[in-house]
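Written out below as C-alpha cells is the structure these notes cover.
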Amino acid sequence: MRIAVADDGGMVSEHFGHCRNYAIFLKDGGSVTKEEDLASPGHEPGKLPLFLASHGVDLVIAGGMGPRAVELFHQNNIEVLLGASGDVNDVVQSFVTGTLEAGESTCHHTVEEPHHSDVRTICITSQGEGLTADAEERFGRSPFFVFLEMDSGKATSTPNPLVNASGGAGPQAVQFVSERGANIVITGQLGNNAAEAMAASGIKAYSYKNGGSVSDAVRMYLEGALLPLN
C-alpha cells in the first residue's frame, strides 16, 4: 500500500489541497518506509486525485478536505482518512499499528462551494484507446483522441474522424475536440493553422514527445513538466 500524507513542514496539513508537499510512504505488512516527497502540482478541481493515482497512491491522510474532493479520490480508487494531526511520521506509524482513528474533517467546504470553478477536460492525442495506449505526436492526423474529465477521472477514447481528411485536418480537429469540452490538449506538435484555431477557441496546448503512454503524458502535465505549444 502506498500512502500519501499532506505535509507542511513535517506536520500533517489541516487541508489536503493546500499543503506544500505530499509525503509518500510504502506500507508492507506491519512495516512502513518513507519513499519520497512530492511537491504539490497546484490545487484545482480533480487534479490531485489524478496526480496521486498516477503515483500509485492507495490512501491519503490529512487533517481535512471537502466532501467533493473525498468523492473524487474514491472515484480514483483512493481511500481517504481525515482528522489526523501531528508529526507526519508519527501519524503514519499510528496508522500502521492500528491506533490512528479517522476523525472529523477540519475542512468544511460543501459540494456547492468548490475552491475553483475551472473544471477541465484534457484531450490527449493517442495511437489507440485508453490511458495505457501510446501517445501520438501528430494532432490533426492522430488516430484517436482520449478525453479525460478532471472532475470525475472518466476517460473516453474517440477515433479521429479527420485522420484521412484531404486538407485542413488541424483546424477541423480543434473544432472536434472543442465541441467535446476539451480546453487542454496534449500532443506532440501543432501546425500554425491548428495553433491559431486553438488560441481562438481558448484551448491551451502542451507538448509531449517522450514516446510514453497517454497516462504518462497526463502525469507529466499534472506535474507541470510539459511546455506550452501556443
Find all pairs meeting these conditions: Cβ atoms under 7 angstrom apart; at least six residues apart or on different chains; first residue within region 23-41 and touching a residue at least 60 places away in the same chain (Cβ under 8 Å); second residue of a type in the set (D, E).
A23/D7; A23/D37; F25/E35; P41/E223
N164, sole failed condition from (1) in contact with a helix residue (DSSP H, G or I) (Cβ under 9 Å, 6 or more places away or on another chain); (2) more than 26 Å from K47 (Cβ to Cβ)
(1)
Within the bounds of region 187-200, is there any residue that is outside the structural domain of A69 (by TED's automatic domain parsing), of a type in the set (D, E, K, R) and surrounded by fewer than 15 Cβ atoms within 10 Å (Cβ to Cβ)?
no
Can you tell me which of A102, A69 is modelled with pLDDT under 85 and part of a loop (DSSP other than H, G, I, E, B)?
A102
Which fully enclosed helices (runs of 4 or more DSSP H) of region 168-230 have 1 or more residues being free of Cβ contacts under 8 Å to residues at least 12 places away in the same chain?
169-179, 192-201
Mind checking whether some residue in region 212-225 is in contact with a Gly (Cβ under 8 Å, 6 or more places away or on another chain), at pLDDT below 85 and within 29 Å of A69 (Cβ to Cβ)?
yes
If L131 satisfies every condition in (1) assigned to a helix (DSSP H, G or I); (2) in contact with a Leu (Cβ under 9 Å, 6 or more places away or on another chain) but one, which is the exception?
(1)
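Just wondering, is there one or more residues in region 198-207 that are in contact with a Leu (Cβ under 6 Å, 6 or more places away or on another chain), modelled with pLDDT of 90 or more and closer than 16 Å to R120 by Cβ?
yes
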Within region 147-186, residues crowded, with 21+ Cβ neighbours inside 10 Å and under 22 Å from the mean Cα position of the chain (by Cα) come out as L148, M150, V177, A182, V185, I186
Confirm whether F25 is in contact with a helix residue (DSSP H, G or I) (Cβ under 6 Å, 6 or more places away or on another chain) and within 18 Å of Q93 (Cβ to Cβ).
yes
Please work out which one of (1) at pLDDT below 90; (2) part of a loop (DSSP other than H, G, I, E, B); (3) within 16 Å of the chain's Cα centre (by Cα); (4) of a type in the set (A, V, I, L, M, F, W, C) is the condition V111 fails and give its number.
(3)
Just for region 15-38: of the residues that are in contact with an Asp or Glu (Cβ under 6 Å, 6 or more places away or on another chain) and buried (at least 18 other Cβ atoms within 10 Å of the Cβ), which one is farthest from V57 (Cα to Cα)?
C19
Residue match in region 144-167 (condition: in a helix (DSSP H, G or I), among the charged types (D, E, K, R) and not assigned by TED's automatic domain parsing to the domain that holds N76):
no
Provide a single number: the residues in region 116-133 that are farther than 15 Å from F51 by Cα, of a type in the set (D, E, K, R) and at pLDDT below 90.
1
Listed by first then second residue, the pairs whose first member lies in region 59-82 and is surrounded by fewer than 17 Cβ atoms within 10 Å (Cβ to Cβ), whose partner is of a type in the set (A, V, I, L, M) and at pLDDT below 90, with beta carbons under 6 Å and at least 6 positions apart or on separate chains, are P67/V111
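The values are calculated or read from the model by the stated rules, or taken from the named source; none is laboratory data. Keep in mind that what you see is a predicted model, and the values were worked out from it rather than measured. A quick note on method: Cβ atoms are made from the backbone with ideal geometry, for glycine too, and the neighbour counts reach across all protein chains shown.
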